[in-house]
Amino acid sequence: MSTSATLINHKERIEADLILLTVALIWGSGFVAQRVAAAHLTPLMYNGTRFLLGALVILPLTVRRLRQVTRAEWRGGMLAGLLLFGASFLQQAGLRFTTAGKAGFITGLYVVLVPLLLALVWRRWPRPSAWIASLLATGGLFLLSSPGRLALAPGDGWIVACAVVWAFHVILIGLLAPGTEPLRLALVQFTVCGVLSLGLALILGRDSVEGLVAAGGAIVYSGIASVGLGFSLQVVGQRLAPPTDAAVILSLESVSAALFGWLLLGEQLTSLQLLGCGLMLLGMLVAQLRPATSGERLYVAQATGRPAQPVEEGY
C-alpha cells in the first residue's frame, strides 16, 4: 500500500470521527429537549412523534431509492428500530426522575459496555484496559448517581438499562453500516421505532392535546436535529469507525448534555458528582488506550474494500 493511499485512509477515518463527534454534540443538546418534553408527555408519545418526524425529514432524500431497499436494510433496520424503541423509551422514562446532565453521563456507560458485549457475545475479548475502564466507570456512576449512599434513584436505574440497550444498538449499526445505504437504513429504523411508540401511546391514552402543544418545540427540535440529523449521521460515521472507536466518540454526548443542562436549565452538580463525571470520562478514555486489534482492522477493511493492515497503520 502506498503512502498516498494510507493518507487517504487516515483522512477518511478522521472525517468519520468528526461526523461522530458532531452526532455526540447534537445528541447532548437533545437531552435538554427531552427533559422539557418529559414534563408534558409520556415517553411513548414523545418518542413516537419525534421519530416519525425524523423519518419525514429524511424521506424526501430517500423516496427515489426506496425500491432498492435490500433485505439487510429491511431486517437490520427493523432490529435496529426495536433496539431504538427500547433504548429511547428507557431513557425518556428515566429523564422524568433525573437531570439532563446526569442522564447524559450515565448513558455514556455504553462506551465501556460495547467492548464487554463484543467479548461476551462475539468472542472479541477485551484487554486489561477495558476491565480497568469498567471499574472506573462503575465508581463514577456511584458518585454521580448517589453520592455517599449505596442506592440509585429510580430514574438512574432506567438510564442504566438504557445504556445497555444503546450498547447493542451501537454494535448492530457498526455491523450493518458498511454494507447498507445510510439513509435507507435510518428511515427503516426511525419508522419502526416511531410506529411502535406512537401506537402504544394511543392505545394507553395517557396524553393530551395540551401536552403535545406544550412540548411542540421539544418535539420539533429533537425530531429534526437529534433523530433526523443525528441518527442518520451515526450510520454514516460508523461505515468506517469500528464499534469501540464509535462508542468512545459518541459517549462525548454526556459531556455535551451536562454543558447544555448547565447553560439552559441551570442544573448543578456537587463536587462528588463532578468527581464521578471525571471518573466516568477517564474510564471512557482508558477503554480506548490500546492498539487496534486484528478484528478492528478487518472491520475497517470490510467497510473500505482495502487491505486491513494499512488502514490502521499509524492511526
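So which helices (runs of 4 or more DSSP H) are wholly in the range 174-256 and hold at least 1 residues that are farther than 22 Å from Ala163 by Cα?
Working: elements: 182-204, 209-214, 216-221, 232-237, 243-250.
The helices (runs of 4 or more DSSP H) meeting that bar are 182-204, 209-214, 216-221.
State yes or no: is Leu84 modelled with pLDDT of 90 or more, within 21 Å of Ile224 (Cα to Cα), among the aliphatic types (A, V, I, L, M) and within 13 Å of the chain's Cα centre (by Cα)? Against the criterion (modelled with pLDDT of 90 or more, within 21 Å of Ile224 (Cα to Cα), among the aliphatic types (A, V, I, L, M) and within 13 Å of the chain's Cα centre (by Cα)), Leu84 qualifies. If the Cβ limit is 7 Å and pairs must be 6+ apart or interchain, which residue in the range 59-77 that is of a type in the set (Asp, Glu) pairs with which residue that is open to solvent by less than 50 Å² (accessible area, probe 1.4 Å)? Partner pairs satisfying both residue conditions: Glu73/Thr180; Glu73/Glu181; Glu73/Arg184; Glu73/Leu185; Glu73/Val188.
Each row is one residue, and each column tells you yes or no for (1) at pLDDT below 90; (2) touching a Pro at 6+ places or on another chain (Cβ under 8 Å); (3) over 21 Å from Glu73 (Cα atoms).
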site: Ile203; (1), (2), (3): no, no, yes
site: Ala215; (1), (2), (3): no, no, yes
site: Leu229; (1), (2), (3): no, no, no
site: Ser256; (1), (2), (3): yes, no, yes
site: Leu259; (1), (2), (3): yes, no, yes
site: Leu263; (1), (2), (3): yes, no, yes
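Scanning the range 228-244 for residues that are more than 12 Å from the chain's Cα centre (by Cα), open to solvent by 10 Å² or more (accessible area, probe 1.4 Å) and under 25 Å from Gly48 (Cα atoms) gives Leu229, Val236.
Within the range 36-75, the set of residues being open to solvent by 10 Å² or more (accessible area, probe 1.4 Å), of a type outside the set (A, V, I, L, M, F, W, C), farther than 16 Å from Gly223 by Cα and in a helix (DSSP H, G or I) comprises Arg64, Arg65, Arg67, Gln68, Arg71, Arg75. Looking at Leu198, is it at pLDDT 95 or above, open to solvent by 10 Å² or more (accessible area, probe 1.4 Å) and touching a Ser or Thr at 6+ places or on another chain (Cβ under 8 Å)? Criteria met by Leu198. In this structure, does Leu83 turn out to be open to solvent by less than 60 Å² (accessible area, probe 1.4 Å) and within 30 Å of Cys277 (Cα to Cα)? So Leu83 fits the description; yes.
For the range 145-155, a residue qualifies if it is open to solvent by less than 90 Å² (accessible area, probe 1.4 Å) and at pLDDT 65 or above, and the qualifying residues are Ala153, Gly155.
Only one entry in Val121, Val165, Val114 is at pLDDT 80 or above and open to solvent by 40 Å² or more (accessible area, probe 1.4 Å), namely Val121.
If you take the residues in the range 205-218 that are hydrophobic (A, V, I, L, M, F, W, C) and open to solvent by 20 Å² or more (accessible area, probe 1.4 Å), which one is farthest from Trp27 (Cα to Cα)? Steps first, answer last, please.
Of the residues in the range 205-218, the ones hydrophobic (A, V, I, L, M, F, W, C) are 209, 212-215, 218.
Right, trim to open to solvent by 20 Å² or more (accessible area, probe 1.4 Å) and you get 209, 212-214.
Working: Val209: 26, Leu212: 21, Val213: 23, Ala214: 21 Å.
Within the range 205-218, the match that is farthest from Trp27 (Cα to Cα) is Val209.
The values are calculated or read from the model by the stated rules, or taken from the named source; none is laboratory data. Given the structure is predicted, the values throughout are model-derived calculations rather than measurements. Glycine also receives a Cβ, built like all others from the backbone with ideal geometry; neighbour counts cover every protein chain displayed. In case anyone asks, the SASA skips ligands and DNA or RNA and just uses the protein heavy atoms, side chains included. Shrake-Rupley method; radii C 1.70, N 1.55, O 1.52, S 1.80 Å.
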